[in-house]
1. Could you give the radius of gyration (one decimal) and Dmax (whole number) of the Cα atoms in the chain, in Å?
2. Going Cα to Cα from Lys201, which lysines come in below 16 Å? Please leave out same-chain ones fewer than 8 positions away.
3. Just how many pairs of Lys in segment 49-169 have C-alpha atoms closer than 19 Å, counting pairs that are eight or more places apart or on different chains?
4. Round to the nearest 10 and give me the degree value, 0 to 90, for the angle of helix 135-147's Cα axis relative to the longest principal axis of the chain.
5. Between Lys102 and Arg173, what is the label-to-label distance in nm when each label sits 7 Å out along the Cα-to-Cβ direction?
6. Given Cα pairs under 8 Å that are at least 6 residues apart, what percent is the relative contact order of segment 99-220?
7. Given a 1.4 Å probe and the protein chains all in place, what does the accessible area of Asp164 round to, in Å² to the nearest 10?
8. Using only Cα atoms, tell me the angle between helix 93-103 and the longest principal axis of the chain; keep it within 0 to 90° and round to the nearest 10.
Amino acid sequence: SSLITVDQLKKKYGENEALKGVSFSLVEGDFLSIFGPNGAGKSTLLKLLSAQTRPSGGKIYYGETEIKDLTDDFRSKFGVISHLPFLYESLSAYDNLKFYAKLYGVENIDFRIKEILDIVELTHRKDDLVRNFSRGMLQRLSIGRALIHNPDIIFLDEPYTGLDQHASNILTRILKELFSHRKTIIMVTHNLAKGYELSSKLAIIRSGEMVFFKEKDDVNDYEFED
Ligand code: ADP
Ligand code: ADP
């Protein structure tokens, strides 16, 4: 049965229809990559799915529950990774993670932070202030931040944008691990190769409409290049 059901989803900004009635569904463990030109409505869809903004029409369900009725408890199952890290510059890497761990009510905080630092390969820099971090390190830390509470559903908006090779490799490893643990992942990306490599479903959004949505196994390269 579906974990996420999107039914005729619409979003208007003033007169501008960013999404014009998008419908699809995902099951637990799906990894959806969403492609499409700038301004197509990809970020808008992610914001709607992660309850950061409200639809102008249509519905989103998690299981049987409509998104507007979701409890905070359910929202805490979401992890959001954007290409603009949101971190406290005057705090250390460790204290940044600690702040978010407390915010999410994470248990065994110190153990979990050590685990996360290890996953994003920042253990050796845990006590350094974030203001001294390179962009790649910031991105790795923000990935760690988004995963600190072990979310079941992970949203990524252009996560590869601006990453150096090292951070990019780490992100790919993490995404493969999350997928193998049957996390549900929705990623907007311009990186066709990465999206194709990693995901189980592929979608294209163009001018507010989902013009393509398929299981990767059902896609032939010719059709997708188009
Ligand atoms: P994409 O992520 O595919 O680049 P977006 O979802 O960011 O596309 O934007 C879709 C359309 O909605 C664009 O025309 C964009 O300018 C507009 N838009 C996005 N966010 C806002 C906003 N907060 N206010 C007004 N218009 C917005
Ligand atoms: P992204 O790169 O994630 O698609 P953008 O850089 O286009 O996002 O936009 C950054 C922020 O500005 C987002 O919160 C988006 O919703 C908002 N935004 C995008 N287009 C517009 C717009 N035309 N008017 C107002 N806000 C917008």
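1. That works out to 17.6, 50 Å for Rg and Dmax.
2. The reachable lysines, counting only those whose Cα sits under 16 Å from Lys201, are Lys42, Lys176, Lys183, Lys214, Lys216.
3. Lysine pairs satisfying the spacing and distance rule in segment 49-169 number 9.
4. Orientation of helix 135-147: about 70 degrees from the principal axis.
5. Simple spin-label model gives 3.1 nm for this pair.
6. The value is 19 percent.
7. Per-residue accessible area (Asp164): approximately 60 Å².
8. 60
The values are calculated or read from the model by the stated rules, or taken from the named source; none is laboratory data. In this text, all values refer to a predicted model and were calculated from it rather than measured experimentally. Cβ: placed from backbone, ideal geometry, glycine included. Neighbour counts: every protein chain shown. The accessibility values were calculated without ligands, DNA or RNA, using every heavy atom of the protein model including side chains. Shrake-Rupley method; radii C 1.70, N 1.55, O 1.52, S 1.80 Å.
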